[in-house]
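The values are calculated or read from the model by the stated rules, or taken from the named source; none is laboratory data. This structure is a prediction, so every number in the text was calculated from the model and none was measured. Glycine gets a Cβ as well: all are built from the backbone with ideal geometry, and neighbour counts include every protein chain shown. Surface accessibility is based on the protein's heavy atoms, side chains included, excluding ligands, DNA and RNA. Shrake-Rupley method; radii C 1.70, N 1.55, O 1.52, S 1.80 Å.
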Amino acid sequence: MNRIQVVAAVIYAPDSRDRLFIAKRPDHLHQGGLWEFPGGKMDEGETALLALVRELREELGIETTEAQPFMQLVHDYDDKQIILDVWEVTDFRGEARGVEGQECRWVAMADILKDDSQYQFPAANQLILEKLRSG
């Protein structure tokens with residue numbers, strides 16, 4: 001099975017830890033059309049933090065200034081295994097936006113976490129949502 005190392009960010013709004021920044025996966029990608037915590041694949045020899053900073057700069061146009069590890073998880077899809085290193089980003093410079101044309105938005109955490117949320121996430125993100133629910 002193909003193993004992919006990925007970083008993802010739980011990005012809190014500068015003015016409130018009650019809002020998070022999420023992005024919608026393009027339809028043509030694996031798990032396309034679902035919402036996700038921004039991030040991407042780690043390059044060979046890259047640390048998780050360096051990958052996180054690079055991915056958020058490339059995808060969202062922000063410079064991460066404060067981040068700490070949140071959790072690590074492994075998720076098996078039928079065709080690949082995702083090794084996910086998740087970080088909390090509590091401070092950054094710039095205005096987060098979809099640099100690559102992806103739909104992005106600030107969303108109330110309560111709207112993401114409710115059982116009937118309009119924001120559907122990939123299976124690999126479910127443990128992140130559970131940890132956010134538990135506080």
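Within region 112-125, can you find the residues that are over 14 Å from the mean Cα position of the chain (by Cα) and either closer than 15 Å to L84 by Cα or surrounded by 14 or more Cβ atoms within 10 Å (Cβ to Cβ) (or both)? It would help to see each step written out before you state the result.
Kept after step one, since they are over 14 Å from the mean Cα position of the chain (by Cα), are these residues of region 112-125: 113-118.
Listed by number, the residues that qualify are L113, S117.
Restricting to region 40-60, name every residue that is of a type outside the set (A, V, I, L, M, F, W, C) and open to solvent by 30 Å² or more (accessible area, probe 1.4 Å). Break it down into steps so the answer makes sense when it comes.
Pass one, region 40-60, residues of a type outside the set (A, V, I, L, M, F, W, C): 40-41, 43-47, 54-55, 57-59.
Within region 40-60, K41, D43, E44, G45, E46, T47, R54, R57, E58 meet the criteria.
Tell me which residues, restricted to region 35-55, are in contact with a strand residue (DSSP E or B) (Cβ under 7 Å, 6 or more places away or on another chain) and basic (K, R).
K41
Can you tell me which of (1) among the hydrophobic types (A, V, I, L, M, F, W, C); (2) in contact with a Phe, Trp or Tyr (Cβ under 8 Å, 6 or more places away or on another chain); (3) surrounded by fewer than 18 Cβ atoms within 10 Å (Cβ to Cβ) is the one I128 doesn't meet?
Only one criterion in (1) among the hydrophobic types (A, V, I, L, M, F, W, C); (2) in contact with a Phe, Trp or Tyr (Cβ under 8 Å, 6 or more places away or on another chain); (3) surrounded by fewer than 18 Cβ atoms within 10 Å (Cβ to Cβ) is unmet by I128, namely (3).
For region 87-110, enumerate the residues that are part of a loop (DSSP other than H, G, I, E, B), surrounded by 16 or more Cβ atoms within 10 Å (Cβ to Cβ) and hydrophobic (A, V, I, L, M, F, W, C).
A96
Would you call E58 closer than 16 Å to V7 by Cα, out of contact with any strand residue (DSSP E or B) (no Cβ under 6 Å at 6 or more places or on another chain) and either touching a residue at least 40 places away in the same chain (Cβ under 8 Å) or not in a helix (DSSP H, G or I) (or both)?
On the way: closer than 16 Å to V7 by Cα: yes; out of contact with any strand residue (DSSP E or B) (no Cβ under 6 Å at 6 or more places or on another chain): yes; either touching a residue at least 40 places away in the same chain (Cβ under 8 Å) or not in a helix (DSSP H, G or I) (or both): yes.
Yes, satisfied.
Going through region 44-55 one residue at a time, which ones are modelled with pLDDT of 95 or more and either in a strand (DSSP E or B) or of a type in the set (D, E, K, R) (or both)? Step through it out loud before you land on a result.
Taking region 44-55 and keeping what is modelled with pLDDT of 95 or more, we get 46-55.
E46, R54, E55, listed by residue number.
Within region 62-76, can one find any residue that is surrounded by fewer than 17 Cβ atoms within 10 Å (Cβ to Cβ), in a loop (DSSP other than H, G, I, E, B) and not polar (S, T, N, Q)?
For region 62-76, residues surrounded by fewer than 17 Cβ atoms within 10 Å (Cβ to Cβ), in a loop (DSSP other than H, G, I, E, B) and not polar (S, T, N, Q): absent.
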